[in-house]
Amino acid sequence: MGAYFQNIKNGFKSAFEGMSISFATMFVRKETVQYPEVNISTNKTIAEKYKGTLMGMPANSRGILDVNLSLCTACQICQKACPIDCIVIDNVKCDKTKLEDEVGNPVLNRFTQKEALKTRTVTRFDINAAKCMYCGLCAMACPTTAIRHTNRFEMNTESQEALILKFVSEEEKARAEKKANDIEAEAAAKKAKAAKEEKVKEKGAEE
Ligand code: SF4
Ligand code: SF4
């Protein structure tokens, strides 16, 4: 009979000990989170309750690619450098412009040290992040540093389509194509005018 009550007592004691540990941990900062459902880099409320240190990725890590279109000359060198065809670039003519970086300095072509000139603009710049092996060959080949790795590595999604990074929107594409048509029309009009003037000159010379 004594053993029976002793077992009940032990049962209560161990339940109490277990619950006291669970109860105590409810009020201390957490060391683990349910990643990726809980992401402490985007969820501030959770981050405040987190006990560990966020290390992040090193600044020079080869993470998800990013493209600065204002520095891109549409030369397609990165597309050719990619060994597994992750990059697709389409382009059209644009007004000739010198490229400048964020602080207003001219962007130098890394290979020739000449100022980088833009004569074409991209109407499509897609990178298939699902296929990319993050080798860095495209970024190394780019003469203007327009394409570069970030230190981001998270792209969890259930859709393959969402892993195709599109850097040119449909509106930007339409605007660039319209501009290219205007440039072509202007050039054709100039050519026609010059030809007409030439004919008039020739006629004048004959008379
Ligand atoms: S990092 Fe490598 S695989 Fe990825 S797009 Fe650039 S060249 Fe291609
Ligand atoms: S190599 Fe650089 S400048 Fe040339 S198309 Fe690629 S991102 Fe643009």
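Test of understanding: in a Gaussian network model of the chain with alpha carbons linked when under 10 Å, which of I127, I21, I46 would top the mean-square fluctuation ranking?
Comparing I127, I21, I46 in a Gaussian network model of the chain, the most mobile one is I21.
Counting only helical runs of four or more DSSP H residues, what would the 222 nm mean residue ellipticity of the chain come to if each run contributes -39,500 (n - 2.57) and the total is spread over all its residues?
The per-residue figure over the chain is -12000 deg cm²/dmol.
How do 185-191, 70-76 rank on mean C-beta neighbours within 10 Å, highest first?
In descending order of packing, they fall as 70-76, 185-191.
If you rank V200, V92 by fewest surrounding Cβ atoms within 10 Å, what's the result?
V200, V92
Of Y50, A174, Q34, whose Cα points farthest to the positive end of the dipole of the chain (charges on the beta-carbon: +1 Lys, Arg; -1 Asp, Glu; origin at the Cα centre)?
Final value for the positive-end residue is Y50.
Where the only charges are on Cβ atoms (+1 Lys, Arg; -1 Asp, Glu), what is the dipole of the chain about its Cα centre, to the nearest 20 debye?
420
Go ahead and set up a Gaussian network model of the chain, Cα springs under 10 Å, then flag whichever of F27, F153, F111 fluctuates most.
Of F27, F153, F111, the Gaussian network model singles out F27 as fluctuating most.
Give, rounded to the nearest 20 debye, the magnitude of the charge dipole that region 65-182 has about its Cα centre when Lys and Arg contribute +1 at Cβ and Asp and Glu contribute -1 at Cβ.
With Lys and Arg at +1 and Asp and Glu at -1, about 500 debye.
Can you tell me the dipole magnitude for region 1-55 around its Cα centre, using point charges on the Cβ only (Lys, Arg +1; Asp, Glu -1), in Debye to the nearest 20?
Dipole size: approximately 120 debye.
How far is it, in nm, from the label point at V103 to the one at A192 when both lie 7 Å from their Cα along the line to the Cβ?
4.9
Among F23, F125, F167, what is the fewest-to-most ranking by other Cβ atoms within 10 Å?
Ranking F23, F125, F167 by Cβ neighbours within 10 Å, fewest first, gives F23, F167, F125.
Which GluC sites (Glu not before Pro) in region 46-106 pass both tests, a DSSP loop state and at most 11 other beta-carbon atoms within 10 Å?
E102
Please find, in a Gaussian network model of the chain (springs between Cα atoms separated by less than 10 Å), the residue of M140, M57, M26 whose mean-square fluctuation is greatest.
Evaluated over the chain, the most mobile residue of the options is M26.
Computed over the Cα atoms of region 1-55, what is the ratio Rg over Rh, Rh following Kirkwood?
For region 1-55, the value is 1.33.
Helix 170-206 sits at what angle to the longest principal axis of the chain, using alpha carbons and giving 0 to 90 degrees rounded to 10?
Long axis of 170-206 versus the principal axis of the chain: about 10 degrees.
If one takes the longest principal axis of the Cα atoms in the chain, at what angle in degrees, from 0 to 90 and to the nearest 10, does the Cα axis of helix 2-25 lie?
Taking Cα atoms only, the helix is inclined about 30 degrees.
Based on C-alpha coordinates, I'd like the Rg and Dmax of region 78-173, in Å.
14.8, 45
Return the lysines within reach of K114: Cα separation strictly under 26 angstrom, same-chain partners fewer than 8 residues apart disregarded; answer none if there are no such residues.
Here the lysines satisfying the reach criterion relative to K114 are K80, K93, K96, K98.
Given that compact globular proteins tend to follow 2.2 N^0.38 Å, what is the ratio of the alpha-carbon Rg of the chain to that value?
1.87
Every read-out reported here was derived from the displayed coordinates using simple, explicitly stated rules and does not represent laboratory data. Given the structure is predicted, the values throughout are model-derived calculations rather than measurements. Cβ coordinates were reconstructed from backbone atoms using ideal geometry, including for glycine residues, and neighbour counts include every protein chain displayed.
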